[in-house]
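The values are calculated or read from the model by the stated rules, or taken from the named source; none is laboratory data. If you're wondering where the values come from, they're calculated on a predicted model, not measured in any experiment. Cβ sites come from the backbone with ideal geometry, for glycine too, and all protein chains shown count toward neighbours. Accessible surface areas use protein heavy atoms only, side chains included; no ligands, DNA or RNA. Shrake-Rupley method; radii C 1.70, N 1.55, O 1.52, S 1.80 Å.
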Amino acid sequence: MTSIDQSETFALGDLQVKRLGYGAMQLAGPGVFGPPKDRDAALAVLREAVAKGVNHIDTSDFYGPHVTNRLIREALAPYPDDLVIVTKIGGRRGADGSWLPAFSPEELNQAVHDNLRNLSLDVLDVVNLRLMFDPYVPAEGSIEALLTPLAELQRQGLVRHIGLSNVTPTQITEGRKIAEIVCVQNQYNLAHRADDALIDDLARDGIAYVPYFPLGGFNPLQSSILSDVAARLGVTPVQVALAWLLRRAPNILLIPGTSSVMHLRENLAATELDLPNDALDTLDGIATSIAA
């Protein structure tokens, strides 16, 4: 069975992680709200991920809320020495499951302590500040008042490293004047490549880029292009999309999520897929066709 023990790594500050990790968001209930339909299956996915060599898990205490972190604790604590758990703060869930900003110093402080308690940790490896000026896409706005309380929690020793999520290049520049930024988490995939220049800039500075929704936004035509390449190579479209991202830049870290052990194994197999040049050219045409 596929293991990623020999996979390439990249640094999150002073922490080395394998480039293919696991995102825990899908372990919560529908709409990332409430408990999972099958708790035992959720625990099995987490344990299988670590057993197959994954040492980078992405989560948040507002998934559920509190659901994924408690599952991670139940499945994996006491944690392996090399396991890096990355969480995010800056949002909360409404009673109806809505996504709401939570940026006051009190809310950020509470979020860090909630993550510590529910993960059963004394210090959080990496905390991403998720900006919510627009919940769905990066939107300009100063982040100094938002990032400063998190930087203070870092100085207190509760947070080891800081990242940013749903951000613009201007906000990253501002953030790096306040604290060391070890990673950026934005939407990026074969079809949505607005961050192409940003990824290359971050790579030069040794900062990780963590794309989410690796298949998000495809319309049927673009999905057909991807499926055709996958069929020719004898693999799944998801594996092709993940392999393309791994090939795109050395600082890209992947956190595909799933609630299925079978799909987890398929995702991990993407590390073994070597895309030929003609396939890369075809896949790059997806973004070109959208731009046209």
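Here is how the numbers come out for the structure above:
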| read-out | value |
| --- | --- |
| Some residue of region 73-95 being surrounded by 13 or more Cβ atoms within 10 Å (Cβ to Cβ), touching a strand residue (DSSP E or B) at 6+ places or on another chain (Cβ under 8 Å) and over 25 Å from residue 160 (Cβ atoms) | yes |
| Single match in 168, 148 (criterion: surrounded by 19 or more Cβ atoms within 10 Å (Cβ to Cβ) and modelled with pLDDT of 95 or more) | 168 |
| Residues of region 245-261 classified as farther than 26 Å from residue 60 by Cβ and surrounded by 19 or more Cβ atoms within 10 Å (Cβ to Cβ), total | 0 |
| Top-ranked residue in region 112-137 [being under 12 Å from residue 65 (Cβ atoms) and more than 18 Å from the chain's Cα centre (by Cα); ranked as surrounded by the most Cβ atoms within 10 Å (Cβ to Cβ)] | 118 |
| Any hit, region 205-212, residues being closer than 20 Å to residue 282 by Cα, aromatic (Phe, Trp, Tyr), at pLDDT below 95 and not in a helix (DSSP H, G or I) | no |
| Residues satisfying the stated conditions in region 19-52, i.e. without any contact (Cβ under 8 Å) to a residue 60 or more places away in the chain and touching an Asp or Glu at 6+ places or on another chain (Cβ under 7 Å) | 43 |
| Residue within region 59-68 that is out of contact with any strand residue (DSSP E or B) (no Cβ under 9 Å at 6 or more places or on another chain) and open to solvent by 30 Å² or more (accessible area, probe 1.4 Å) present | yes |
